[in-house]
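Taking it in order: structure first as structure tokens, then the write-up.
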There are 2 protein chains.
Amino acid sequence: MDPGAEITVYQEEPEPSISECGLPYLLSGVVEERDDLVARTPEKFAEKGVEVRVRHRVERIDPENKRLCVRSLEDDGTFEDSYDRLIVATGARAVLPPIEGADLDGVFVLRFLADSDAVRRYIAEHSPERAVVVGGGYIGLEVAENLSRLGMEVSLIEAEDRVALAFGPEVSERVEDHVEKKGVRVYTGAEVEELVGDERVQGVRFGGCEIPADLVVLGLGIKPVVELAAEAGMEIGEETGAILVDKHMRTSLHDVWAAGDCVETINLVSGKPAWVPLGDTANQMGRVAGTNAATGEDTLEFPGVLGTGIFKVFDLGVGKTGLSESEAQDASFETISAAIEATDRANYYPGVEKVFLKLIADAATGRLIGAEAAGSGADKLTDICATAVWGKLAYADLVNLDLAYAPPYGPAISPVIQAATVLSGEFDRARRGVRASE
Amino acid sequence: MDPGAEITVYQEEPEPSISECGLPYLLSGVVEERDDLVARTPEKFAEKGVEVRVRHRVERIDPENKRLCVRSLEDDGTFEDSYDRLIVATGARAVLPPIEGADLDGVFVLRFLADSDAVRRYIAEHSPERAVVVGGGYIGLEVAENLSRLGMEVSLIEAEDRVALAFGPEVSERVEDHVEKKGVRVYTGAEVEELVGDERVQGVRFGGCEIPADLVVLGLGIKPVVELAAEAGMEIGEETGAILVDKHMRTSLHDVWAAGDCVETINLVSGKPAWVPLGDTANQMGRVAGTNAATGEDTLEFPGVLGTGIFKVFDLGVGKTGLSESEAQDASFETISAAIEATDRANYYPGVEKVFLKLIADAATGRLIGAEAAGSGADKLTDICATAVWGKLAYADLVNLDLAYAPPYGPAISPVIQAATVLSGEFDRARRGVRASE
């Protein structure tokens, strides 16, 4: 935006721009080269006139005087720097639960490239045969898959009564069935009490039983890194614990913007504060914050998110947009939903596979407020629905939606249209129900 | 809708409900069983209380007296029937050009299951080695692929200067390159003058040259079958030649609805009459016409189409929604467009492939009015864009769209968002251009 700007990036980790979403795949070798996950090196940034100083931690922001206190992690020395405009992009860190034994050798989180290096080194050194993954969210599931690919016997432990809690129970059930078919043992409703071992981890204790483990990966979620921002006086969201920004990504401090996993945004469906730490969203926010910081004006807006997300576990794609039924109820929606099993292509076309789709609509307006898909082509269905939610389409729009049909790409009636047609019937039924009781 | 209704279907062809889109794949054996393309047999319809009388041609409609004259093609006898409500779904037939030699043995169109049977029989009997496909639309391309799969040397002849004319030139070029790499010889700007041969076709003459051919398939498009409707007094669209219906699929005659490839609809982007003979659209129209005929009320609406379509030729998926640039210009839009090459997944994820995406926006409003995609995941990108066009989204919406990202399913920034970001830059440039000239 401003080729004359002098731009400095301080960053604690040794790589400035990595694809964290690729880390699980690096464990198994699905992604072969560590460097493939480094999107851009400091040298590449330098070519664009951006100075990236890795292994440097900003320890204090003085917004009054627009100064920073920076520590070099190489020589442990500190120095001061100043700014005209500042962007905070401190990201998120893994949640470490207060579980006894979490500090044993062989217990890992997977957040940065260094974590993945450590797990790989440990695997190379100790050839673990039995792995336990704690946490049934998408990271936990992806890690379970990739450890399983290495030939390990993998158990997945989830404290709640089902995995993939962001989804409805139909999807959770499909995920559990699928990973169990692939050989992963799933324990739900199982709160981990202790990681057992002397120096190295040897087992995991939960619900009165203990299972052996040579390797444990904790996938218990992440939380925004906001200490630096909070100490500098930036307002922090009460519900999310992430930095508050307006739609121009401005923080509460003058000439300070923030973007990425450290900030709070809004869920456009519920209208509620949301903290959605995802790579694509962070990227979009970064573009807005960077542009506005460069111009010094409110040039671009980031309106908020829908809560769209997707993951793959073994051969199952699982995607979501908007609100699940329980999230919708929490946001005071009355919902009407429809769930179908469809196919990913014409039923006579080779390779045809099944896909599950659930649509969730606002009973008052008919508007689509959420969708969940699991199976082949779940990514396409999720994205169609995300665009429909963004465009505020109602079930009646979806019934007539003009999507692309050819036998290799879908059934003649898209699963979205099929599900919308069922939904339409549910609305009719609800209306008749209302009439009958009048 | 009305379980008590007495429903009779008259149909000339021997199968009542076939997937015409699957016919090219039946030629090569990609679809193995002929019966796989029969969606529902008369027996299946009978179970639902629908009497399907195949090999019967309705020869006259008398709308005054609500009577039909029907000819049985089995015994050539005629009889009368009557209706309370009538639905016309006469479909479309292949265009047969006035080319000399089009009646030779070994020259085919591919419209009905019987056509595909005839081609397969001919191939089995005569083992043709050199095939010529006339017409570079999607049917011609699909047929070329499937004949090529049988080991034939295939040439494709197109009268215009490029194939896939519904798309912009960038896509046409990609399609031509791809099929030529797969061994299909493509001749463009080549008007066929004569099919040469004694009894059986032996060659095709065009532009002063002649190429040998043991088999010729004419893929020169289809046209609506409207004679019956026109004779009965139904209004026919001037531009399209298809039956005029309102958005409830009512024709100009009382108690007569029409649906499918025989009717005209509206292109929701251009606002102009459109004739889009596609299986999914026909299906959606049929639901509206059938429901309204059953209730006798204007229960459902079919608002119109976007012009969405997709085809696959060899390994290349090619999809489109809305208007191409030249279609937009014909509809008096001033356009701003952006075209990108992106990937179908994270660039480090195994199997990554390229995809081309072009977005076309209305210069006046910024609204997306068309999109074209070619490559891996073209179906997903087309459907996202179709939903965006349906929802009247502008490029600024697309830049912030919350789509589903995980490494196996796309790059961190969806190609749609990448292209919208480029489009955004084009709009900025256009605005600055305006300012500079003020």
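Laid out as a table, the results:
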read-out	value
Residue among B:51, B:74 that alone is away from chain A (no Cβ under 14 Å), of a type in the set (Asp, Glu), within 24 Å of residue B:293 (Cα to Cα) and surrounded by fewer than 13 Cβ atoms within 10 Å (Cβ to Cβ)	B:51
In region A:378-401, the residues that are out of contact with any strand residue (DSSP E or B) (no Cβ under 7 Å at 6 or more places or on another chain) and more than 7 Å from chain B (Cβ to nearest Cβ)	A:396, A:399
Any pair with Cβ under 7 angstrom, 6 or more apart, that starts in region A:281-309 at a residue that is at positive phi and ends at one that is in a helix (DSSP H, G or I)	none
Matching residues in region B:233-244 - criterion: being crowded, with 20+ Cβ neighbours inside 10 Å and touching a residue at least 40 places away in the same chain (Cβ under 8 Å)	B:234, B:243
Filter result for residue B:76 (out of contact with any strand residue (DSSP E or B) (no Cβ under 8 Å at 6 or more places or on another chain) and more than 19 Å from residue B:5 (Cβ to Cβ))	yes
Matching entry among B:430, B:404 (being among the aliphatic types (A, V, I, L, M) and facing another protein chain (nearest Cβ under 8 Å))	B:404
Filter pass, residue A:130 being among the basic types (Lys, Arg) and free of Cβ contacts under 8 Å to residues at least 40 places away in the same chain	no
Test for residue B:32: is it among the charged types (D, E, K, R) and within 14 Å of another protein chain (Cβ to nearest Cβ)	yes
Lone unmet requirement of (1) crowded, with 24+ Cβ neighbours inside 10 Å; (2) more than 14 Å from chain B (Cβ to nearest Cβ) for residue A:269	(2)
Strands (runs of 3 or more DSSP E) contained in region B:285-385 and holding at least 1 residues crowded, with 24+ Cβ neighbours inside 10 Å	B:309-313, B:316-322, B:354-362, B:368-375
Any hit, region B:272-279, residues being more than 30 Å from residue A:427 (Cα to Cα), small (Gly, Ala, Ser) and either facing chain A (nearest Cβ under 8 Å) or surrounded by 20 or more Cβ atoms within 10 Å (Cβ to Cβ) (or both)	yes
Residues satisfying the stated conditions in region A:69-94, i.e. part of a loop (DSSP other than H, G, I, E, B), in contact (Cβ under 8 Å) with a residue 12 or more places away in the chain and over 25 Å from the mean Cα position of the chain (by Cα)	A:73, A:74, A:83, A:84, A:85
Some residue of region A:95-111 being within 17 Å of the chain's Cα centre (by Cα), buried (at least 17 other Cβ atoms within 10 Å of the Cβ), hydrophobic (A, V, I, L, M, F, W, C) and not in a helix (DSSP H, G or I)	yes
Test result for residue B:174, assigned to a helix (DSSP H, G or I), at pLDDT 95 or above, under 21 Å from the mean Cα position of the chain (by Cα) and among the basic types (Lys, Arg)	yes
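The values are calculated or read from the model by the stated rules, or taken from the named source; none is laboratory data. Please read these numbers as outputs of a predicted model, since none were measured by experiment. Because the Cβ atoms are built from the backbone with ideal geometry, glycine has one as well, and the counts that use them run over all protein chains shown.
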